[in-house]
Amino acid sequence: MITTRRAPLLALSLLCSLSTVCLGQNLEIHHIDVGQGDSTLIIGPKGRTILIDGGDNTVGRNVVVPYLNAHGVASLDYMIATHMHADHIGGLDEVLAAGFDVGQVLDNGSTHTSNTYSDYVDAVSDYVGSRRAIQPGEVINLGDGARATCVCVDGRTVDNTKKVENRNDRSVCLLLEFADFQYFIGGDIGGGGPDHADVEGFIAPLVGDVDVLRVNHHGSASSTNCCFLATLRPEAAVVSVGKNNYGHPDPEVLERLRGAGCDVMQTGGGDEPYGRVLGHIVIVVKAGKNYWINGSARRKDEFIPSENRPPVAAFTYGANGRTVSFDASASSDESSIQHYFWNFGDETTLSGKGLALPTHTYASYGDYTVFLSVLDPFGISGTTMSTVSLNMAQGIAVTATAFPQYPPKYSYVRISVTVTDLEGEPVAGASVRTVAYYKTTETTKYGSTGADGSCNIDHYIGNATSGYTIWVDVYAGSGSFTASTRTWFTPQ
């Protein structure tokens with residue numbers, strides 16, 4: 001095992017008095033352009049440093065290490081791996097191998113079966129000696145009132161636990177604070193969907209209003225949901241992204257961010273449509289009312305007037321069969337509605353600007369709980385919900401045929417029944433009853449329609465009278481609607 005001794009912070013500050021690390025009394029956040037991945041350097045007012053993630057394999061050696069050297073960073077007080085995917089930890093072993101003195105290595109406590117994970121663990125063992133899981137509520141003191149707080153890790157906060165299966169959702173989430181400035185970084189956590197737990201909604205109340213958001217999961221479609229965005233209300237958003245085949249950043253995510261009044265920036269190109277591509281993105285926070293992004297001055301919380309009231313979400317609807325027209329023009333705000341997010345209650349959503357009058361066609365009749373969220377220009381949301389009932393108001397129709405229509409005695413006749421709505425769409429689960437009237441008796445049979453609206457009911461013909469036409473009445477029912485028809489067959 002190779003171990004190194006950390007230089008005391010006081011000695012380090014004397015050695016690098018002219019370096020970026022020691023320009024003094026400022027908080028710096030460096031989003032290093034590592035392509036499709038993440039690497040963020042934080043430098044506290046007293047020169048204390050945190051490296052959060054290191055990009056993918058070879059990126060640590062080729063990008064992160066040169067960047068640290070160029071900015072006078074000779075030592076890292078903390079190295080944090082948000083989670084164990086290669087685009088986050090792939091370069092960390094290369095940073096360690098480059099000889100940087102690292103005080104503590106923190107991560108989410110999980111394991112992985114990848115070679116990249118093995119390289120990470122081996123490097124920590126060789127150059128630092130140990131790693132440990134950061135804990136919910138743990139605070140990293142960066143000096144002069146600057147601090148980074150672990151809001152959530154592995155789906156756990158100080159008070160609650162959310163079940164998470166996806167490795168991305170196990171990411172370390174940090175809230176960085178200094179001089180009335182707040183910044184959130186959460187690895188690759190998601191905001192719900194088929195493969196993600198809604199960790200964003202789970203932790204949003206603990207994060208609160210921030211100035212800058214490092215957008216979760218490279219702006220993937222599963223990230224940055226409306227409730228999360230409405231609670232954090234960032235003025236600026238940074239997407240760490242590069243050329244990829246995942247569709248990052250997702251157009252709807254960018255649209256939500258812009259609709260919330262965010263200035264959206266990207267380190268790299270990513271997938272279209274782009275935000276502003278800036279390469280390395282550096283935030284400098286000073287005491288007072290301003291902070292700077294790549295040299296451009298911003299006012300802390302400058303776009304959020306304290307008197308701003310949440311917008312009002314409201315909608316009505318009208319149905320034509322299974323097609324529903326929604327009208328949210330009654331939604332209101334003291335300025336304007338910037339963004340609409342619809343959840344139609346059948347796992348279908350619609351999001352974007354100018355969506356006050358959408359239409360949606362449902363696959364089947366029934367009751368659906370529809371949610372509408374609206375955002376104002378400041379990212380504040382209003383939400384409402386209502387039940388949309390589609391009950392086949394026009395009724396149902398039934399058709400039936402007998403085959404064969406001239407059967408021999410002691411055989412079967414099949415009554416094929418189809419039930420549809422009056423638009424011709426199949427009705428599944430309809431009850432069906434057939435009554436066959438023989439010369440001296442009658443026979444009743446029962447069935448129900450499948451997904452295609454049809455069912456088959458077989459009648460056995462015994463010693464029936466040859467040449468006597470047997471009429472069959474067919475009755476169908478679905479909900480409160482009924483229909484009937486008649487067919488026939490003649491035994492030979």
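The values are calculated or read from the model by the stated rules, or taken from the named source; none is laboratory data. Quick caveat: nothing in here was measured; it's all calculated off a predicted structure. Backbone-built Cβ (ideal geometry, glycine too); neighbour counts: all protein chains shown.
Please tell me if Asn160 is within 24 Å of Arg233 (Cβ to Cβ) and modelled with pLDDT under 95. Give the steps one after another, and end with the answer.
On the way: within 24 Å of Arg233 (Cβ to Cβ): yes; modelled with pLDDT under 95: yes.
Judged against the criteria, Asn160 is a match.
The set of residues in region 465-492 being in contact with a Phe, Trp or Tyr (Cβ under 6 Å, 6 or more places away or on another chain) and crowded, with 19+ Cβ neighbours inside 10 Å consists of Ile470 alone. Number of residues in region 223-250 that are of a type in the set (S, T, N, Q) and part of a helix (DSSP H, G or I): the value is 1. Of everything listed in (1) among the β-branched types (Val, Ile, Thr); (2) surrounded by fewer than 24 Cβ atoms within 10 Å (Cβ to Cβ); (3) more than 17 Å from the chain's Cα centre (by Cα), the single unmet condition for Val212 is (2). The residues on offer are Val427, Val474, Val435, and the sole one that is in the same structural domain as Pro404 (by TED's automatic domain parsing), out of contact with any Pro (no Cβ under 9 Å at 6 or more places or on another chain), closer than 19 Å to Arg322 by Cα and aliphatic (A, V, I, L, M) is Val427.
Among the candidates Asp101, Asp77, the residue that is more than 29 Å from the chain's Cα centre (by Cα), of a type in the set (D, E, K, R), at pLDDT below 95 and in the same structural domain as Gly190 (by TED's automatic domain parsing) is uniquely Asp101. Looking only at region 438-460, decide whether some residue is aliphatic (A, V, I, L, M), within 46 Å of the chain's Cα centre (by Cα) and crowded, with 16+ Cβ neighbours inside 10 Å. For region 438-460, residues aliphatic (A, V, I, L, M), within 46 Å of the chain's Cα centre (by Cα) and crowded, with 16+ Cβ neighbours inside 10 Å: absent. Inclusion of Gly270 among residues that are modelled with pLDDT under 95, surrounded by 22 or more Cβ atoms within 10 Å (Cβ to Cβ) and not hydrophobic (A, V, I, L, M, F, W, C) is warranted. Restricting attention to region 1-26 and to residues that are out of contact with any Gly (no Cβ under 6 Å at 6 or more places or on another chain) and either at pLDDT 50 or above or among the β-branched types (Val, Ile, Thr) (or both), the residue that is surrounded by the most Cβ atoms within 10 Å (Cβ to Cβ) turns out to be Asn26.
Table: residues versus (1) farther than 30 Å from Cys262 by Cβ; (2) surrounded by 17 or more Cβ atoms within 10 Å (Cβ to Cβ); (3) assigned by TED's automatic domain parsing to the domain that holds Gly477.
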| site | (1), (2), (3) |
| --- | --- |
| Tyr362 | yes, yes, no |
| Asp376 | no, yes, no |
| Ala400 | yes, yes, yes |
| Pro404 | yes, no, yes |
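When Arg299, Arg256 are screened for being in contact with a helix residue (DSSP H, G or I) (Cβ under 9 Å, 6 or more places away or on another chain) and over 18 Å from Ile185 (Cβ atoms), only Arg256 passes.
Listed by position, the strands (runs of 3 or more DSSP E) contained in region 315-374 that have at least 2 residues being touching an Asp or Glu at 6+ places or on another chain (Cβ under 6 Å) and in contact (Cβ under 8 Å) with a residue 60 or more places away in the chain are 349-352.
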